[in-house]
Every structure is written in structure tokens, then in C-alpha cells.
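Data block below; observations after.
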Amino acid sequence: METTLEHALSIQRRHEQGILSLPSVTGIGVKLRDDRLVLEVTVDPEAEVPAQLQVPDVEGLPLVVEKRRYEAQS
């Protein structure tokens, strides 16, 4: 069964606060990757990925962890 955007966003909302409270996490969002929806979590590139994010999915929604730093644009 393919996940709908609405279902993916509801998974994000349920887990967002807990994931954002993890050390080194800088962002979370539902993204389209290779024609499928995933939950993308960004972490500081110089930090360890929290153990809670070392899983293949969250409620069946594939989890992708990106090590990336956000820089303010001028």
C-alpha cells in the first residue's frame, strides 16, 4: 500500500516534537524521493546521528537522515 501525503504528514506531526528534541537534529519534513514519500530528518554534519534515528522507517514511512548544515541566506 502506498502512503498518501496526508498520511505521511500525520506521521510527521505525531513524531515531530520528539525528533526535533534529539541532539543535533536541525529539521524534519516529508519529501518526495525516487517517486516515494519519505520522512527526511536533517542533522548537523559534525554530530553523531542519534540512535533513535538509526531505523529504516517511522510507522512504515521510510526514514532518510541527511547530514547537512543550514546557512542563512542574505
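No value in this document is a laboratory result; all are computed from the given coordinates. Since the structure is predicted, the reported quantities are computational estimates derived from the model, not experimental observations. Note that we place each Cβ from the backbone using ideal geometry, even for glycine, and neighbour counts take in every protein chain shown.
Annotations for the structure displayed:
- Across the chain, Cα pairs under 8 Å and at least six residues apart give a relative contact order of 27 percent.
- Per-residue ellipticity at 222 nm from helix content only, as computed over the chain with -39500 (n - 2.57) for each DSSP H run of at least four residues, stands at -7000 deg cm²/dmol.
- Where both bridge residues fall in the chain, DSSP classifies roughly 65% of the beta bridges as antiparallel.
- Here the translational diffusion coefficient of segment 24-66 follows from Stokes-Einstein with Rh set to the Kirkwood radius across Cα pairs; for 4 °C and 1.567 mPa s it amounts to 122 µm²/s.
- Under the Debye formula (equal points on every Cα, no solvent term), log10 I(q)/I(0) of the chain at q = 0.15, 0.18, 0.23 Å⁻¹: -0.49, -0.69, -1.05
- Relative to the longest principal axis of the Cα atoms of the chain, helix 5-20 runs at roughly 30 degrees.
- The simple spin-label model puts a point 7 Å past each Cα toward its Cβ; for GLU46 and GLN17 those points are separated by 3.1 nm.
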